[in-house]
1. Please label the shape of the range 451-526 as rounded, prolate or oblate, based on the square roots a ≥ b ≥ c of the eigenvalues of the alpha-carbon gyration tensor (a/c under 1.5 means rounded; beyond that, a/b larger than b/c means prolate, else oblate).
2. Quick one: if you stick a label point 7 Å off each Cα along the C-beta vector at residue 637 and residue 556, how many nm between them?
3. What ranking do 218-229, 293-304 get when scored by the average of other Cβ atoms within 10 Å per residue, highest first?
4. Would you list 171, 163, 201 from fewest to most Cβ contacts within 10 Å?
5. If you take the square roots of the eigenvalues of the alpha-carbon gyration tensor of the range 587-626 and sort them as a ≥ b ≥ c, do you get rounded (a/c under 1.5), prolate (a/b over b/c) or oblate?
6. In whole Å, how far is the Cα centre of the range 226-271 from that of the range 341-371?
7. Order these peptides, 331-337, 444-450, 152-158, by their mean beta-carbon neighbour count within 10 angstrom, highest first.
8. Once you have the Kirkwood Rh of the chain from its Cα pairs, apply Stokes-Einstein at 10 °C and 1.306 mPa s and quote D in µm²/s.
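Values quoted throughout were computed directly from the atomic coordinates according to the rules given, and no laboratory measurement underlies them. Keep in mind that this is a model prediction, so the values were computed, not measured. Virtual Cβ from ideal backbone geometry, glycine too; neighbours counted across all protein chains shown.
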């Protein structure tokens with residue numbers, strides 16, 4: 001019996017089975033019988049129509065022999081091999097892959113152009129750099145086509161990328177029905193345009209919530225009616241429709257401006273009337289600053305300390321000569337030179353801590369410079385007296401005492417401020433951090449902090465960091481207990497004492513904070529809190545209560561695994577608008593003195609890519625190029641005007657041609 005590896009085995013005594021096997025073995029040729037190939041491959045009519053047989057001989061054995069010979073020749077023929085190869089390629093989807101590869105080769109230049117534009121947006125480069133970067137890549141042997149080389153093309157591409165990115169993000173949000181918090185803050189650009197930055201804190205693909213920059217809106221005026229109108233219009237144009245906002249918008253956070261949080265006619269009040277689920281919140285970092293300012297008003301002696309530090313700031317930041325002399329003295333004393341900043345100004349409290357810490361660290365260098373300057377014969381008497389007055393204040397036990405108190409208190413407040421600025425902190429964690437900070441500050445009344453401990457020893461010996469101290473009766477020293485009590489009370493009133501519904505919601509939000517639980521909680525502990533939150537914010541009550549019972553029964557269980565929707569919801573509430581401040585920092589990096597003519601729309605597009613976009617190495621331009629080509633030209637399109645090259649001035653080319661020739 002003859003057997004071919006690629007053909008079925010043939011049994012002589014089973015003709016019917018053999019004929020069926022023959023039909024199965026012919027299916028490749030049958031499926032491709034109508035294909036015309038350029039390899040001069042021919043398929044006979046009987047094979048093409050699958051009518052192959054063993055002839056008309058009456059002898060069955062002879063017919064089978066003839067059929068076997070035909071099969072053998074066919075399996076070895078180019079026609080059969082080509083048919084099998086075509087079907088294999090079909091299974092491997094080779095045609096689609098070849099088309100995609102060909103499409104990539106055609107649009108390769110457009111991909112490169114898009115990456116160039118993305119680089120400009122991601123790394124704060126001016127639009128004019130687009131043509132320069134294109135020329136650089138062409139000099140390096142990369143073909144970038146004939147068009148899309150101008151700064152106008154770069155602007156349009158960045159706008160297109162920003163729009164497509166926003167659409168992808170919002171589609172994910174709406175599809176998952178994620179609960180949404182919205183943060184806003186106001187600022188002014190270098191071109192004196194009043195703008196409002198809009199952020200979301202929201203879960204993407206049911207993961208932990210994160211901050212997303214949404215838009216920068218130019219405000220026509222700063223009335224509450226206009227802010228509400230433009231904010232809602234911004235959300236609608238960003239594909240967050242009215243139905244979604246009614247069901248999923250749960251929180252609104254801003255600073256404490258009266259136009260935003262006014263009880264009768266503020267933005268928050270108007271939004272809550274329109275969207276009943278909203279829980280409005282005053283930024284905790286701004287409230288912390290208000291608490292510190294209240295304490296400065298309560299304890300007037302702090303003003304003397306502030307004025308003295310500001311005098312040092314002006315002395316060394318307004319005069320490069322003084323700063324250079326102080327740097328040299330720091331070098332001689334082997335002290336790290338640090339710039340003195342303002343204290344207790346409009347900047348957040350962490351900045352004030354850095355300022356007083358610098359004075360503490362470079363105290364010997366400050367003393368030596370003030371002493372040298374007050375005895376410098378090259379300076380006039382008025383200037384020398386100014387330095388002498390600063391010297392007497394600096395080298396006094398009263399100032400050392402004030403400096404130590406401020407260092408201890410501002411260090412704790414700075415740590416609290418930085419915690420509240422964290423992107424991952426929740427309202428539960430924030431409240432615990434505030435209470436902990438208040439307890440630490442209260443403890444300073446009976447147990448001196450690290451800085452105060454050193455100051456007490458220095459005042460006792462009348463020597464601080466090897467500098468002799470001389471009492472200055474004109475200075476009014478800060479009353480330590482009065483100052484600490486004022487800080488404690490103002491932190492309590494500004495950060496922890498909430499009225500009305502806010503107090504109820506904050507109490508209920510703490511339901512998952514295990515440190516607040518009783519020692520042996522009942523299996524139904526916290527159910528009333530969960531029911532209130534679920535009813536107030538339209539959450540799945542059954543899942544939340546079931547998850548809570550599992551957590552109480554086994555406190556090692558992660559809430560994210562048993563009550564994911566409720567857990568993500570609690571993390572959606574932002575503590576502060578620190579992310580908006582970071583957005584303004586990005587805006588200032590984009591809209592510099594050299595780019596002050598940027599429109600608000602272009603600034604918004606650049607900010608969106610800069611803040612939300614992935615790193616250049618992780619960004620794939622494929623989807624953005626495809627959507628671009630629906631209504632725009634590709635980089636290889638020759639039906640366009642070549643971008644003008646104004647980078648190198650013609651005059652310079654002529655004048656310096658001989659110089660460049662030898663270079």
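1. Prolate shape, in that a/c is at least 1.5 and a/b is the bigger ratio.
2. Rounded to a tenth, the inter-label distance reads 6.4 nm.
3. Final packing ranking: 293-304, 218-229.
4. With the sparsest Cβ surroundings first, the list reads 171, 163, 201.
5. Prolate, because a/c is 1.5 or more and a/b exceeds b/c.
6. If you average the Cα positions of each part, the centres end up 41 Å apart.
7. 152-158, 444-450, 331-337
8. In µm²/s, the coefficient rounds to 49.
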